1. Rounded to the nearest 500, what is the 222 nm mean residue ellipticity of the chain from helices alone, with -39500 (n - 2.57) per DSSP H run of 4+ residues and division by all residues?
2. What spacing in nm lies between the two simple spin-label points modelled at Asn16 and Leu54, each 7 Å away from Cα in the Cβ direction?
3. Could you provide, to the nearest whole Å², the per residue accessible area of the chain with probe 1.4 Å?
4. Whole Å is fine, so just give me how far the alpha carbon centre of segment 9-24 lies from that of segment 31-48.
5. Before anything else, pin down the relative contact order of the chain: Cα pairs under 8 Å, at least 6 apart, normalised by residue count, whole percent.
6. Between Ile31 and Thr7, what is the label-point separation in nm under the 7 Å Cα-to-beta-carbon projection?
7. Per the Cauchy relation, a quarter of the hull surface: what is the mean projected area of the convex hull of the alpha carbons in the chain, in nm²?
Amino acid sequence: MDDELLTVPEVLAALNGVSRRTFYRWRELGIAPECIKLPNGELRIGRRDLRVWLEQHREAA
């Protein structure tokens with residue numbers, strides 16, 4: 001399912017264990033994948049958005 005929303009822990013696992021602190025630092029710097037903030041304050045990241053973000057960073061490497 002391409003439009004599935006992932007939790008932050010699911011994204012961290014997909015990024016091979018990137019720390020939560022690193023992920024939130026990326027958000028502060030504006031370089032994290034696009035996130036959706038739910039009314040309860042939790043973040044979700046679209047699977048498609050994560051895939052696009054990974055491809056952009058793969059090309060830059």
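1. On the way: 3 runs with 31 residues, N = 61.
Helix contribution divided over all residues of the chain: -15000 deg cm²/dmol.
2. A separation of 1.1 nm, rounded to one decimal place.
3. On the way: 4500 Å² over 61 residues.
On a per-residue basis, 74 Å².
4. Comparing the Cα centres of segment 9-24 and segment 31-48, I get a distance of 13 Å.
5. Working: 54 pairs, mean separation 24.3, N = 61.
Relative contact order here is 40 percent.
6. Output for this residue pair reads 2.8 nm.
7. Working: hull surface 17.5 nm².
That works out to 4.4 nm².
The values are calculated or read from the model by the stated rules, or taken from the named source; none is laboratory data. Values in this document were obtained by computation on a predicted structure and should not be read as measured data. Glycine gets a Cβ as well: all are built from the backbone with ideal geometry, and neighbour counts include every protein chain shown. Protein only, heavy atoms only, side chains kept; ligands, DNA and RNA dropped before computing areas. Shrake-Rupley method; radii C 1.70, N 1.55, O 1.52, S 1.80 Å.
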